[in-house]
Amino acid sequence: MNIATTDCLLRMYDEQHELEDYESGVPRWCTGCGDNAILAAVQRLCRDENLRPEKTVFVSGIGCSSRFPHYMKTYGFHGIHGRALPVAEGIKMARPDLNVFVNTGDGDCCSIGAAHWIHAIRYNMNMTVMLHDNQIYGLTKMQASPTSPRGLKSNTTPRGSYLEPLQPLTITLGVQNVSFVAQAVDWIPEVLYDILSAAFHHKGLSFVRILQRCPEWLPKLYEPWVQDPQKILLLNHEQGIQVSPNLAKVYRNLESHDPSNMNRAREISSVLDPIPVGILYRNPDVPCYEDLRHAGQPRSRNFIKAGLEAEFDKFTVWPQEAERRGQAV
Amino acid sequence: MNKMTLVKPLRDAAQQVRPAAGEKAAVTLSEHIIEIISDSGEGAQRCGQSLGAIAAKMGNGIWTVEIIPAEIRPPARSVAGASGNRIRLGTRRVTNGGDETDLVVAFNEQVLLGRVRSGDLKSDCIILLESMWRENSDPTVVASYVETHDQLVAAGYRVYEIPMERECRKHVADARRGKNMFALGMLCNLYSLDLQLARDQIALTFGKKGASVIAPNVKLLDAGYEWADANLDFKFRIPASGVTEPQIVVNGNTALALGILASGMEVCAMYPITPATSASHYLSDVFEKVGGVVHQAEDEIAACTFAIGASYAGKCTVTITSGPGYSLKQEAIGLAVMGEIPLVVVNVQRGGPSTGQPTKAEQGDLLTAMFGSHGDAPKVVIAPSSIEDCFYSIITARKIAETFNMVVVVLSDAGLATSQQPFPRPRFSDAWLAPPVNQSTVPTGLEPYAWDEATGLARRFVPGQPGGVHTLTGLAHDRLSHVAYDAEINEQSIRARSLKLAALQKTLKTPPVFGGETGDLLVLGWGSTKGAIEEAVEDLRAEGCKVSSLHLTFLQPLPSGIKEIMQRFKQVITVEGNWCDTPQDNIIDEANRRYSALAMLLRSRYLVDVDCWSEVKGQPIKPSSIRRVILEKLRPN
């Protein structure tokens, strides 16, 4: 049944892909949903990087944003709530040759899957993680999420949510082995694309929090920031993303931030207004777990057999020896 | 010194022991059960393991079981703190831990008390007891020792006080380390075992630590041997029947790990949990040598989903756990069922529910394994019934998982996990190994869930295969893996996943009946109880009872022919390590009696009046208990 064939191992020609090679059906997200902007940026990235669809896997959990893989014409894994990251880690460990992307929401990543989020940062496996943060549970119809602003009235907090929101950037930056942290907003597509591109090119786990509008449940949440470019702090650096002159005319609140500067990254990450957008932190020298574990090395039948026989030898009682001892007594 | 050595001569064995001119004659036995117990950390386990290994090398049948306290460092000299090993040593092949213990070496009287109270010692058990407590500076220790000693003697145990500590200190400064080797030396003498083989065993055990550790341990071994020879007036010999082929001596968990190596699987994802973890300890040590990875995940759910991800990517993966971890994995197992991702899940069962009895044996997870995860989630369940089975069941499980794109649950238990039994050294077969990741192009038009009308089987699409791009989903889906909003499609996919189980069932052979094909009573069992059941059945058949047994390895699906076998017997009963209500309780009647797991399955599937008997004491079920049950069933009143 499973016979390895070589017909796909070597391509003797260059394959060029178009946008439509990555498009699968019409997304069933609401009109105006920020997920559409993320999808468009990602499809563009795949095309520009000429990723082979069959070598690319989008992994998600459960929630509006986790429908993402269904709209990509690549391999996709739409799993269970909160567990996108460990699934993606398993894929990467088994197949380091695959391009792995993760799409997860604020409920999926920061609530039910929070343990995996912390540990995924620490494993630092080579994949791009997009946190679609709309600060609300959408698919289950408007319950407060861990990133909802305090006082938000929702179906489970009719008198306003009680707790301060959790800050995904500061948390991620506090975890050992963090190697790439960025923040984007769905309403500045150019920067969103640039950040995702940088994330894709980073070797290690790239964590991109994307502030994403939910027109259905929280249509006005990000309105002040969408309306006023001064409420966006664009991080600009030769080692980070470089803001285009046209964009700089609109978004004048710029800061030159070196992504290798962890202390400043942590300071920036704790600022809620203006919203920082750009690459907060990048360290290409953090080792990847799959490399530390030597994943993907070919193993031959003889290699396995030799290893197994050596183990059997450790535990074997040979008949001659047993007979000799038996007679000796 | 005089007071110390032979406080009490061997009484009723006097006629057996014939000391002849300085040489003791050895009494020939067909088998004996020996225990070595101490406080945790005093090395009784190592002593017992070494004894078992030496005997196995001599060609004896052995079955060793660890005696493990629940805590890592229980208080010294505590009744619940007994740590050690129990070795059943026989001339023939030994298939289970047997009944009560014949001889105990105890490093203090408190751990011994724990064993006495457990009821695991024969009423006239020989006890070799460390005597140093009699001279302890703490008068309460002395009083406790004397009182316990006198009680045991009065109760009929044959107690020998042995100055182990004092004797060891003649050779090493710290007698607490190494006393176990002195005990091993004594036992080698008492059971006529080859001393040179014991020395070799020490070299093997401490090989990594070098000569400076080996030499003093060998010295203590020799000292124990000589001391027993000079001071104890009895000796046994359990003839070895010899072995004709190479044998492997490992415990069930090591066998599981070897099975993983042999299956060609490359990734094992796990989270530490007792009693499963020792399999991962061993695997962690050796897996990388053959290119494998043991991934210790952040939790049980992550371990299972990591395994699912790796399997999905083309390399069938295993996750190992025990009871509570198995519960935590349920939603993820459902995902693998729904996505038709091959996955091997090993559950080394322990006592439950909740945290239960982490170190104790129980067979409480059969129904959870079969019916766990919400909705209709058909999966394969197999249960190894011996140490050898632990090895081969993993290879079988991997193969079934990949052939049928299903979850295969392997149910071992704490009894098998820590028991050692020799079995024929497996001969490597290429058929064991997982094939390379299939990266061939998907034929045009083939759907990711092209369920076969008859069998439900579909080719598995693996990332990297051109032409196969699709999104696997845990949502109900159609043949294209598109989310199904149509109720009709949901039913089609449930049918397909169910048919796969039937397709596998068609390949299974009817298991053989042990004993006669017809008779008065059929005893059914599954998993680790096989050896004990068959021993009881064999003995009773020799006495003329018309009793047979049937042991099931495949629990889901059940092979054909079981009903026909059951119908050839007047009565049918299961023997299981999971609870069933007993009709002796006043409140229990047919309307409310809860049957044991297998009994319930057999009753509901075959409409046969299957009775059950169970024991959930955390210990492997003894052949003598099963014997009693069979006799009661055959001869009521």
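For the reader, a short list of remarks on this structure follows.
- Sequence-distant lysines (8 or more away, or on other chains) whose Cα lies within less than 17 Å of residue B:563: B:506, B:509
- For chain A, lysine pairs separated by 8 or more sequence positions, or belonging to different chains, with Cα-Cα distances below 30 Å total 17.
- Think of the protein assembly as shown as having a plus end and a minus end, set by charges on the Cβ of Lys, Arg, Asp and Glu; of B:542, B:450, B:610, B:542 sits farthest toward the positive end of this dipole.
- Inter-chain shielding of A:52-59 (mean C-beta neighbours from other protein chains, 10 Å cut-off): 5
- Taking the centroid of alpha carbons for each part, segment B:148-179 and segment B:390-433 are 43 Å apart.
- Highest-first packing order for the peptide set B:443-456, A:59-72 is A:59-72, B:443-456, based on the mean count of other beta carbon atoms within 10 Å.
- The amide H of residue B:468, built 1.01 Å from its N in the peptide plane, has B:442 as neighbours under 5 Å, considering only residues 5 or more places off or on other chains.
- Scalar couplings 3J(HN,Hα) for segment B:197-204, obtained by applying the Karplus form with A = 6.51, B = -1.76, C = 1.60 to θ = phi - 60°, are 5, 5, 4, 4, 5, 5, 4, 5 Hz; x denotes Gly and Pro.
- Between the Cα long axis of helix B:387-404 and the first principal axis of chain B there is an angle of about 10°, rounded to the nearest 10.
- Prolate/oblate/rounded call for segment A:19-299, Cα gyration tensor, a/c under 1.5 rounded: rounded
- Shape class of segment B:513-634 from the Cα gyration tensor (axes a ≥ b ≥ c, square roots of the eigenvalues): rounded, since a/c falls below 1.5.
- Fewest-first ranking of A:318, B:133, using other Cβ atoms within 10 Å as the exposure measure: A:318, B:133
- Model label points for residue A:261 and residue B:635, set 7 angstrom from Cα along the Cα-to-Cβ axis, are 9.2 nm apart.
- For the pair segment A:133-202 / segment A:273-315, the C-alpha centres are spaced 30 Å from each other.
- Crossing angle, helix B:44-57 versus chain B [Cα axis fit, 0-90 degrees, rounded to tens]: 80 degrees
- Taking other C-beta atoms within 10 Å as the exposure proxy, A:244, B:192, B:40, B:137 rank B:137, A:244, B:192, B:40 from fewest upward.
- Percent RCO, i.e. relative contact order, over segment B:248-432, from Cα pairs under 8 Å lying at least 6 residues apart: 29 percent
- A cut-off of 5 Å between modelled amide H atoms, ignoring neighbours fewer than 5 places along the same chain, links residue B:473 with A:78.
- Here the contact order of segment B:134-230, divided by its residue count and restricted to Cα pairs under 8 Å and six or more residues apart, works out to 29 percent.
- With respect to chain B, whose longest principal axis is taken over its alpha-carbon atoms, helix B:211-231 is tilted by about 60°.
- Length-normalised contact order for chain A - Cα pairs under 8 Å, 6+ apart - percent: 15 percent
- Computed over neighbours whose Cβ is under 11 Å from that of residue B:489, the net charge equals -2, Lys and Arg +1, Asp and Glu -1.
- Ordering B:164, B:370 by the number of other Cβ atoms within 10 Å of each residue's own Cβ, fewest first, gives B:370, B:164.
- Neighbouring partner chain Cβ atoms per residue of B:471-479, average, 10 Å criterion: 5
- Per residue of peptide B:425-437, the mean number of Cβ atoms on other chains within 10 Å of the residue Cβ is 4.
- Cα gyration tensor, segment B:139-280 - rounded (a/c under 1.5), prolate or oblate: prolate
- Gap separating the Cα centres of segment B:320-362 and segment B:23-85, nearest whole Å: 30 Å
Only the coordinates and a few stated rules stand behind these numbers; no lab work does. All values derive from a computational prediction rather than experimental measurement. Positions of Cβ are backbone-derived with ideal geometry, glycine not excepted, and every protein chain shown enters the neighbour counts.
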